[in-house]
1. For Thr64 paired with Arg87, estimate the spin-label separation in nm (one decimal), with each label point 7 Å from Cα along the Cα-to-Cβ line.
2. Between Phe172 and residues 5 or more places away or on another chain, which pairs have amide H atoms under 5 Å apart, with H built 1.01 Å from N, and which residues are they?
3. Residue by residue through region 119-129, which ³J(HN,Hα) values in whole Hz follow from phi under the Karplus form 6.51 cos²θ - 1.76 cosθ + 1.60 (θ = phi - 60°), with glycine and proline marked x?
4. Using the per-residue mean of other Cβ atoms lying within 10 Å as a proxy for protection, in what order, highest first, do the peptides 130-138, 142-150 fall?
5. Quote to one decimal, in nm, the extra length available between Ile73 and Ser181 on full extension: 0.36 nm per residue of separation minus the C-alpha distance between them.
6. Can you give the FRET efficiency to the nearest 0.05 for Asn146 and Thr168, using r as the Cβ-Cβ distance and R₀ = 41 Å?
7. Can you list the residues, at least 5 places off or on another chain, whose amide H is less than 5 Å from the amide H of Gly80, using H built in the peptide plane?
8. Lysines near Lys96 by alpha-carbon distance under 23 Å, same-chain residues fewer than 8 away left out - which ones?
Amino acid sequence: MQRRNLLKWMSAALSTACASVIAVPGVKYLLATVQREGGQAVPPQRIARLNDLPVGEPVEAAITGRRRDAWSIYPEEAVGRVWLIRRSEDDASEAKVDAYSSVCPHLRCAVSLEPSKEAFVCPCHRGRFGLEGERLKTDGQRNPANRGLDSLPVSIVDVDGDAWVEVTWQEFEPGISAKKSMS
Ligand code: FES
């Protein structure tokens, strides 16, 4: 190898090594940030009074939290939405409330309630779900979702004699049949 070629080769190798030293931690940092954003953990949130929930009828509620990206922390805003369904008239000690993420398990569009209030539907690819979160058949079409709506942990807490519903927000991997947390 001629001397000039050898010098060129050494210079290129040195540049690549320097770029790697800078780029690898940067990429790692950005990936970590994206992961935090995608599956950020939010502590249990008090989102509805038990007595404001009609029995058997889904009610939508927002989960709020602080969102952050690589450079900024944003003020409190809605980070997710849930569908709450009170299952019985029982008082707080016996009451059962179910919560489902409104994030479609297919590709993460927001599911809404059908006008009949008997099922949830996703506007993106017509995924359809029952009021127990189960996948439903769609009219003559395949339901594109691989699993039902993702249920979320719920607790009923007493606040100065008033029963409130608390939900722990989580996000799950879309497009797979298993319910796998993203956090
Ligand atoms: S994103 Fe909901 S059906 Fe595709």
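1. The modelled label-to-label distance comes out at 3.0 nm.
2. Sorted by chain and number, the residues that satisfy this are Met182.
3. 7, 9, 9, 9, x, 6, 9, 6, x, 9, 9
4. Sorting 130-138, 142-150 by mean packing, highest first, produces 142-150, 130-138.
5. 36.6 nm
6. With R0 = 41 Å, the Cβ-Cβ based efficiency is 0.95.
7. Ile63
8. Lys117, Lys179
Values quoted throughout were computed directly from the atomic coordinates according to the rules given, and no laboratory measurement underlies them. Just so it is clear, the model here is predicted, and its values are computed rather than measured. For neighbour counting, all protein chains shown are included, and Cβ atoms are generated from backbone atoms with ideal geometry for every residue, glycine included.
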